[in-house]
Amino acid sequence: PLVSMTEMLKKAKAEGYAVGQFNTNNLEFTQAILQAAEETKSPVIIGVSSGAGKYMGGFKTVVAIVKALMEEYKTTVPVAIHLDHGSSFEMCAQAIQAGFTSVMIDASHHPFEENVAITSKVVELAHIHGVSVEAELGTVGGQEDDVSGSIIYADAQECLELVKRTGIDALAPALGSVHGPYKGEPNLGFKEMEEIGNLTGMPLVLHGGTGIPTKDIQKSISLGTAKINVNTENQISSAKVVREVLAAKPNEYDPRKYLGPAREAIKETVIGKMKEFGSVGKA
Ligand code: G3H
Ligand code: ZN
C-alpha cells in the first residue's frame with residue numbers, strides 16, 4: 001500500500017534497521033525499485049527530486065506511474081512517494097496536491113528562524129493530508145539538482161528546537177555526508193549523530209548513501225538512523241550497463257535492449273542496499 005513514512009520509520013528505529021530511499025528518474029528506475037522491494041519484502045521510499053519530477057512529466061505523472069505499477073505488480077509492501085529536497089513551501093504543497101505521501105522541506109540554507117517558520121507551515125499542511133515531513137539542518141556536501149554546498153554540521157540544540165517547534169516526522173542532520181561519490185572515505189560525525197538521536201528521539205535520515213562503507217551504515221543505524229537515501233549508486237550501475245550493451249552491440253537501437261538490462265542493474269543495486277540496511281523481510 002501507498003503510505004507515509006511515519007509508521008515505516010518508527011518501526012525501523014524501534015527494530016534497528018533503516019528503510020532505503022531510492023530516487024527515481026524514469027519508468028525503469030520506478031519499476032526496479034518497486035520490484036526490489038516486493039521481492040525482498042522490504043518497505044521502501046521512492047525519492048523524487050523536483051528535477052526528476054519535472055523530467056518525468058510532473059509530480060502527478062510520477063504518482064500515476066507508481067500507483068499503476070503497484071497495481072500491476074500487486075505490491076504488498078509499504079511504499080512512500082517522497083519529495084526529495086523540497087526547496088520551498090510551494091514545492092511541497094504541489095507534491096502533496098499531486099498525491100505524494102511524504103515530503104522533505106529543505107530550508108536548511110535559510111537562517112534558523114526561517115527554517116523553523118517554513119518547516120512549520122509545511123508540517124501544518126502535510127499533516128492535514130496524512131503526509132509525513134522530513135526536515136534538514138546543516139548542509140550535505142556535493143551537488144544534487146539545484147541544491148549544492150560545502151559540508152556544514154547540524155547543531156544539536158537547533159535540531160532539538162526544530163523538532164519541538166515544528167512537529168516533523170523525520171530529521172536529516174547533515175553530519176559530513178556528501179551527495180554523489182565520496183573523495184576518499186566518508187568521515188561521518190557519529191558523536192554528533194548519537195547526541196542528536198538521543199536528544200530529539202527522532203528517526204534520523206542519512207543523505208548521500210552512495211559509497212558509505214557497510215561499517216558506517218551499521219554504526220549510523222545503531223545511533224538512530226532509520227532512513228538512508230541512495231541515488232547516485234543506481235545511476236552509476238545503470239549507466240555502466242547501458243555503456244556495455246551499446247559498446248558490445250553498436251547497431252542496437254531498441255531501447256528495451258539497453259534499458260531492460262539497466263533496470264536489472266538498478267534492481268540488483270537496490271536489493272544489495274536493502275540487505276545492507278537490514279530492511280529485508282520487514283514489510
Ligand atoms: O537525497 C538524496 C540522497 O541524499 C542521494 O545521495 O546520490 O549520494 O546517493 P547519493
Ligand atoms: Zn539528499
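Applying a threshold of 8 Å to beta carbon distances and a minimum spacing of six or more residues, or different chains, the list of pairs starting in segment 223-237 at a residue that is over 19 Å from Ile81 (Cα atoms) and more than 9 Å from ligand 1 (Cβ to nearest atom) and ending at one that is among the polar types (S, T, N, Q) and part of a loop (DSSP other than H, G, I, E, B) reads Ile236/Thr210. Report whether or not Ile151 is more than 16 Å from ligand 1 (Cβ to nearest atom) and within 20 Å of the chain's Cα centre (by Cα). Considered against the rule, which asks whether it is more than 16 Å from ligand 1 (Cβ to nearest atom) and within 20 Å of the chain's Cα centre (by Cα), Ile151 comes out as no. If I filter segment 16-36 down to residues being more than 14 Å from ligand 2 (Cβ to nearest atom) and of a type in the set (Phe, Trp, Tyr), which single residue comes out as surrounded by the fewest Cβ atoms within 10 Å (Cβ to Cβ)? Ranking the qualifying residues of segment 16-36, first place goes to Tyr17. Screening Ser148 against (1) more than 21 Å from Gln21 (Cα to Cα); (2) outside any loop (DSSP other than H, G, I, E, B); (3) modelled with pLDDT under 95 leaves a single unmet condition, (1). State yes or no: is Leu199 more than 22 Å from Asn25 (Cα to Cα), out of contact with any Ser or Thr (no Cβ under 7 Å at 6 or more places or on another chain) and more than 16 Å from ligand 1 (Cβ to nearest atom)? Taking the combined requirement at face value, the residue satisfies it.
Of all the helices (runs of 4 or more DSSP H) wholly in segment 213-277, which have at least 2 residues that are more than 30 Å from Glu195 (Cα to Cα)?
Passing ranges, in order: 232-248, 255-277.
Checking every residue in segment 72-92 against the condition of being within 16 Å of ligand 2 (Cβ to nearest atom), at pLDDT 95 or above, at positive phi and within 18 Å of the chain's Cα centre (by Cα) gives at least one match. Restricted to segment 173-211, and to residues there that are part of a loop (DSSP other than H, G, I, E, B) and within 12 Å of ligand 2 (Cβ to nearest atom), the residue that is farthest from His109 (Cα to Cα) is Thr210.
The values are calculated or read from the model by the stated rules, or taken from the named source; none is laboratory data. Everything quoted here is computed from the prediction, not taken from an experiment. Every residue, glycine among them, receives a Cβ derived from its backbone with ideal geometry; neighbour counts consider all protein chains shown.
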